[in-house]
Amino acid sequence: MDPPGLVVHGKAEPFSAALRSLVNNPQYSDVRFVVGQEQQEIFAHRCLLACRCNFFQRLLGTEPGPGVPSPVVLSTVPTEAFLAVLEFLYTNSVKLHRHSVLEVLTAAVEYGLEELRELCLQFVVKVLDVELVCEALQVAVTFGLGPLQEHCVAFIEAHSQEALRTRGFLELSAAALLLLLRSDKLCVDEAELVRAARSWARVGAAVLERPVAEVAAPVVKELRLALLAPVELSVLEEQNRQEPLIPVEQIVEAWKCHALRRGDEARGTPCRRRKGTLPREHHRFLDLGFK
């Protein structure tokens, strides 16, 4: 009986480089994709994609007929992200960039590429900054990426004022914004949070063509109006008459806290301070426990 064979390995780099040369190479290609809004034509190799990814195995399962096969249209994935996915499928490695990693991560989740997803998550955590964090939080919420979601919330808690001024904050979904407004650890005062919520709702109202108050309804209940001083509440009330944002009943509950000098008398009114809450004279009457 012959002894069992021994698997030996050649150099990985030349092999990887050879396969990388086939990415978007029309030579020997048997499948074409039309990708992104710019409708970029990208060439690939059916057997390689099918054996590396179940998504493409299902997508490309039908054998092409005679003649030139029709291109496969993938209009929702940006070209750069799709090329990164192909690079990973061909070489099991990928060059990631801060400006496009979230798009690659999104594609990895949608195509079921768990290893690429984990590589993207590790990279996002390394490069996370104020400009990127709200966009990353939105991706985490959209796809249920718990660890990334927790990391983003913690980052925003530590850099609240800067994060609230980014475009990414204004583009958060209501579900993502709720995560932030429920946090006790935001390093920002409530008055600034109210202003940020108004700006967020205005952007959403313009995009969705709906009233500001309707867009804001899912999130404003988490604003802790009882933390505002009476003069601030009066200003907010006047602003609310001109541009409805917060239900009148919620403002009334905040006034009850002032009138009764007891935060626990007005049920449902959040009186607990946040990490960045500025002190006000009436706070000594409220339940200001901080976790």
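The values are calculated or read from the model by the stated rules, or taken from the named source; none is laboratory data. Values in this document were obtained by computation on a predicted structure and should not be read as measured data. Quick reminder, even Gly has a Cβ in these numbers, built from the backbone with ideal geometry, and neighbours come from all protein chains shown. The protein model used for the area step is the full one, side chains on, heavy atoms only, and it has no ligands, DNA or RNA in it. Shrake-Rupley method; radii C 1.70, N 1.55, O 1.52, S 1.80 Å.
Taking into account only those residues within segment 173-182 that are open to solvent by 10 Å² or more (accessible area, probe 1.4 Å) and not basic (Lys, Arg), which is nearest to Ala254 (Cα to Cα)? Can you show your working first?
Residues of segment 173-182 open to solvent by 10 Å² or more (accessible area, probe 1.4 Å): 173-175, 178-179, 182.
Of the ones still in play, those that are also not basic (Lys, Arg) are 173-175, 178-179.
Values: Ser173: 26, Ala174: 23, Ala175: 24, Leu178: 20, Leu179: 22 Å.
This residue is Leu178.
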**Complete:** Restricting attention to segment 37-60, the residues that are open to solvent by less than 50 Å² (accessible area, probe 1.4 Å), out of contact with any strand residue (DSSP E or B) (no Cβ under 8 Å at 6 or more places or on another chain) and not in a helix (DSSP H, G or I) number exactly 1
**Item:** Count - residues of segment 167-197 that are in contact with a Lys or Arg (Cβ under 9 Å, 6 or more places away or on another chain) and among the hydroxyl-bearing types (Ser, Thr, Tyr)
**Value:** 1
**Complete:** For helices (runs of 4 or more DSSP H) lying entirely in segment 181-291, having 2 or more residues that are at pLDDT 95 or above and among the basic types (Lys, Arg) picks out 190-208
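Could you check segment 104-171 for helices (runs of 4 or more DSSP H) lying wholly inside it with 3 or more residues that are open to solvent by 60 Å² or more (accessible area, probe 1.4 Å) and out of contact with any Leu (no Cβ under 6 Å at 6 or more places or on another chain)? Talk me through it step by step, then tell me what you get.
On the way: elements: 114-127, 130-143, 146-158, 160-164, 167-170.
It comes to 114-127, 130-143, 146-158.
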